Amino acid sequence: MEPSLHRLRLLRELERRGTVTAVAGALDYTVSAVSQQLALLEREAGTPLFERRGRRIGLTEAGLVLAGHAETILAAVEDAGHAMESARAGVGTTLTAGVWASVATTLLPAGIRVLARDHPGIEVRSRELAPEDSTGAVRDGSLDLAFVLDYSSYTMARVPELTRTPIAVESLHLVAPRGSIDAGEVALRDFAGKPWVLAHPRSHFGRAVRLACREAGFEPDIRHEAGEQSTALALVAAGLGVTLASDLGLGTSTAEVDVLPLSDTLTRTVSIAYRERDARRRPLRAFVDAFTEAALGLGLDAAEARPVSR
């Protein structure tokens, strides 16, 4: 039996995710393509690897044995690639990073400039996705690393295989229509009766702000749901409510709004997540160092970041 690495990777993801549809979505394949490749793998094995369990596909005992070996084989191939990467020293390397909107528009360009200055052989590619979706993509190898968030009111669930290095802390600010608030500093409870513009509660940001409001003693009256910070700020500028925004979220805003400091002292920690087994990769360490410097240049001090447990 000589299965392809591609099919072994699909088997590993099926064991992790439980459905062909989930595997296809994670690896950007069609469902039929995944099914065909897994069927080929089963024929190569010469024994049943899969069994139906309701709407899900489970692995047989033989399937579980092969999935365990697949993990070992794929890890060895990756280790070999990283060893060659180190041996090449200054020769070109590409890292793919998961970003979200405010990182992509503010921190990403600044960090790439620092990295290009110090390590011109490292090329960075980025993929925009929601912070709450990024760790899974790093774990399955679709991304080399990703920017993730922890709010002071709500931390992100840990993924055992990943290490997270904090690089900066952002403050959250109250954003109101221009001229609508006559105060130098405000508290969340001052806006208990005001209309709000906020992301959906399934998002990490939306959940964190709702929890902070509840801790302040009220449930926000959300009139408009907006996933992108720029959209939320535009709605606030139009007089349709108030919202919270981070330092990075405000970095490229042109909306006509007032930004007010909060006495509640809400913060969020920006970290870079990568697989623990990749921690010694020189390009990855160079990336973390460059973006830590870039964040500091933007006024976001990594020294203020609280340690993030694995």
>> Rolling a 1.4 Å sphere over the protein heavy atoms, what is the accessible area per residue of the chain, to the nearest Å²?
In response: 48
>> Test of understanding: extend the Cα→C-beta vector of Ala62 to 7 Å, then name every residue of the range 16-55 with backbone N under 14 Å from that spot.
In response: 39-51
>> Give the residue list of trypsin sites (Lys or Arg not before Pro) in the range 171-206 that are DSSP loop and have at most 16 other beta-carbon atoms within 10 angstrom.
In response: Arg178, Arg202
> Measuring from a point 7 Å past the Cα of Glu71 along Cα-to-C-beta, which residues in the range 1-33 have an amide N at less than 14 Å?
Replying inline: 9, 11-18
>> Between helix 31-45 and the chain, what is the angle of the helix's C-alpha long axis to the longest principal axis, kept within 0 to 90° and rounded to the nearest 10?
In response: 30
>> Using only the heavy atoms of the protein chains and a 1.4 Å probe, how would Glu293, Glu78, Glu215 rank by accessible area, largest first?
In response: Glu215, Glu293, Glu78
> Which Cα, out of Leu235, Ser32, Leu145, lies furthest along the positive dipole direction of the chain (beta carbon charges, K/R +1, D/E -1)?
Replying inline: Ser32
> Hey, what angle do you get for helix 61-87 against the long axis of the chain, alpha-carbon based, 0 to 90 degrees rounded to 10?
Replying inline: 70
>> Nearest 5 percent is fine: what portion of the DSSP beta bridges confined to the chain is antiparallel?
In response: 65
>> Could you compute the net charge surrounding Leu64? Neighbours are other residues with a C-beta less than 12 Å from the C-beta of Leu64; K and R count +1, D and E count -1.
In response: -3
>> Could you work out the percent of alpha carbon pairs in the chain separated by over 28 Å, rounded to a whole number?
In response: 49
> For the range 237-246, what does the Karplus curve 6.51 cos²θ - 1.76 cosθ + 1.60, with θ = phi - 60°, yield as ³J(HN,Hα) per residue in whole Hz, taken in order and with x for Gly and Pro?
Replying inline: 4, 7, x, 9, x, 10, 8, 10, 9, 8
> Quick one: helix 282-297 against the long Cα principal axis of the chain, what's the angle to the nearest 10°, folded into 0 to 90?
Replying inline: 0
>> Sort 166-173, 242-249 by the packing proxy (mean of other Cβ within 10 Å over each peptide's residues), most packed first.
In response: 242-249, 166-173
>> Suppose every Lys and Arg Cβ carries +1 and every Asp and Glu Cβ carries -1, with no other charges. What dipole size does the chain come out with about its Cα centre, to the nearest 20 debye?
In response: 680
> Under the rule of -39500 (n - 2.57) per DSSP H run of 4 or more residues, summed and divided by the residues of the chain, what mean residue ellipticity at 222 nm is obtained, to the nearest 500 deg cm²/dmol?
Replying inline: -12500 deg cm²/dmol
>> I'd like the carbon and sulfur percentage of the solvent accessible area for the range 38-164, probe radius 1.4 Å, heavy atoms only, ligands and nucleic acids excluded.
In response: 55
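The values are calculated or read from the model by the stated rules, or taken from the named source; none is laboratory data. Keep in mind the model is a prediction, meaning the values are calculated, not measured. With ideal geometry, Cβ positions are generated from the backbone for all residues, glycine too; neighbour counts draw on all protein chains shown. Calculation scope for accessible area: heavy atoms of the full protein, side chains included, ligands and nucleic acids excluded. Shrake-Rupley method; radii C 1.70, N 1.55, O 1.52, S 1.80 Å.
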